[in-house]
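Derivation of every value follows stated rules applied to the coordinates shown; laboratory data play no part. Everything numeric in this text was worked out from a predicted model, so none of it was measured. Methodologically, a virtual Cβ is constructed for each residue, glycine included, from the backbone with ideal geometry; neighbour enumeration extends over all protein chains shown.
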Amino acid sequence: MPIPTESIGSLPRPTALIEAIVQSQAGLLAPEALQAHFDEALRDTIQRLEATGSPILTDGEQTKPSFATYPLSGLTSLAPDGVVIPFAGGHTRQLPRLTAGPFRYGVHAQSFLEKARTFTQRPLKQAVISASALSLLYPQEPIPGYPREAFLADLLDEAEQDIRGALEAGAAVVQIDFTEARLSLRLDPSGGLLRSFIALNNQILDRFTPEERQRIGVHTCPGGDHDSTHSADVDYASLLPDLFQMHTGRFYLQMASEPDRPRVLRIVRDLIQPGQIVFIGVIDPITTTVETPEQVRDRVLEAASVLPPAQLGTTDDCGFSPFADDRSTSREIAFAKIRARVEGTALAAQSLGL
């Protein structure tokens, strides 16, 4: 396809899987039975993504507890009272708090890619959580015998391995989920926190070659959980100039739900560098209305009137179900939206003569 198109990552889990996870957490389901539900959800997800015509597939994050906390699976040095993230709909999500070091990932993203590979030979994309998000695990009060500097050194090594392992396992693309970027400006409007996050992530990106960084991208959005966001009112103009300082070749930007897309596209036009690709969101995952291919085409053409078409791709604004317990969007709606993105992107390419 002349205009590349990719999913962000998470897709709604089947109802049977969500119920199996609840039963497992209550000790009412054997581990092998839960694994059977995971395997079936992954197989079905890959099969449905192939049917949409998607040129690059994902595992839909079917086996992750959430897009942010998968590295913490199996870790014991955590307390439940970490950073709280409030959403506009009134609910919250809470990260755990690290209680002891050294910090190591319990699970690396490579394992998800390898499992997905057993179900398809199509190119696969792997989403990973940013180091900046995981930096929030460290408490305000220093951990005795494990200062923050030591934690960050361990975190950088683990986050590098998360990306590198996925690339070495054959990922066509690795996407860093950086949804806390926009949220950081709500917490600190001066931008100091955002810039510290970007500096931390760049320390990892600088460990990769320029060629490798062309296969590594960064995704930002105002969150999307239970049909609610955490930072949609934060102005893109405050975010994008710093975001485009990240040392990566691909940017995935929420755009379909943006109230003034032409203004934001003009900002992006002034920031994009040669060799970079900007994937604009043409699908809003937290609405139940399924976009038509023609609507997608028009959104792509709108972007192509501002951005160089050769540096343009399409995506979804955010993941559909970043947390495993989110039932707000059905699988049928999600896959219909993805099909519309794929078909609409192709229509736009035809209109542009690509």
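Annotations for the structure displayed:
- Linear extension gain, Glu40 paired with Arg122, 0.36 nm per residue minus alpha-carbon span: 27.7 nm
- Considering helices alone, the calculated mean residue ellipticity of the chain at 222 nm is -12500 deg cm²/dmol, with DSSP H runs of length four and up weighted by -39500 (n - 2.57) and normalised per residue.
- For the pair segment 49-97 and segment 154-197, the centres of their Cα atoms are 14 angstrom apart.
- Taking the Cα atoms of segment 3-45, the ratio Rg/Rh between the radius of gyration and the Kirkwood radius comes to 1.14.
- Rg to Rh quotient for segment 174-225, alpha carbon positions, Kirkwood Rh: 1.03
- Hydrodynamic radius of segment 260-354 by the Kirkwood approach over all distinct alpha-carbon pairs: 14.0 Å.
- Selected from Arg327, Arg341, Arg250 as most flexible by GNM, with the chain as the system and alpha-carbon contacts under 10 Å: Arg327
- Stretching Ala199 away from Leu354 to a fully extended chain increases their span by 52.1 nm, per 0.36 nm per residue minus the current alpha-carbon distance.
- For a label point 7 Å along the Cα-to-beta-carbon line of Glu212, residues of segment 242-256 with backbone N under 18 Å: 246-250
- Per-residue Cβ neighbour rank within 10 angstrom, fewest leading, Val22, Val84, Val268, Val306: Val84, Val22, Val306, Val268
- Taking amide H as placed 1.01 Å from N in the peptide plane, Tyr252 has its amide H under 5 Å from the amide H of Val218, His219, Thr220, Phe279, each at least 5 places away in sequence or on another chain.
- Taking Thr179, Thr209 and counting other C-beta atoms within 10 Å, the order from fewest to most: Thr209, Thr179
- Once C-alpha pairs closer than 8 Å and six or more residues apart are averaged by separation and normalised to the residue number of the chain, the relative contact order reads 22 percent.
- In units of the compact-protein estimate 2.2 N^0.38 Å, segment 1-159 shows a Cα radius of gyration of 1.17.
- Between segment 1-25 and segment 258-329, the Cα center-to-center distance that results, in Å: 20
- Difference of contour (0.36 nm per residue) and Cα-Cα distance, Glu32 to Gln273: 81.9 nm
- Amide H contacts for Val128 (H built 1.01 Å from N in the peptide plane; partners 5 or more residues away or on another chain; cut-off under 5 Å): Gln175, Ile176, Asp177.
- Computed E for Asp235/Glu114 - FRET, C-beta separation, R0 35 angstrom, nearest 0.05: 0.30
- Theoretical FRET efficiency, 1/(1+(r/R0)^6), r = Cβ-Cβ of Asp260 and Ala172, R0 30 Å, to 0.05: 0.35
- Cut-off under 5 Å, modelled amide H: who pairs with Ile85 long-range: Arg93, Gln94, Leu95
- Computed from the Cβ-Cβ distance with R0 of 25 Å, the FRET efficiency linking Ala51 to Thr287 stands at 0.65.
- Beta bridges per DSSP, both residues in segment 15-352: antiparallel share near 25 percent.
- Percent RCO, i.e. relative contact order, over segment 234-342, from Cα pairs under 8 Å lying at least 6 residues apart: 31
- With θ taken as phi - 60° and the Karplus curve 6.51 cos²θ - 1.76 cosθ + 1.60 applied, the whole-hertz 3J(HN,Hα) list for segment 248-264 is 9, x, 9, 10, 10, 10, 4, 8, 4, 8, 6, x, 10, 4, x, 5, 5 Hz, x standing for glycine and proline.
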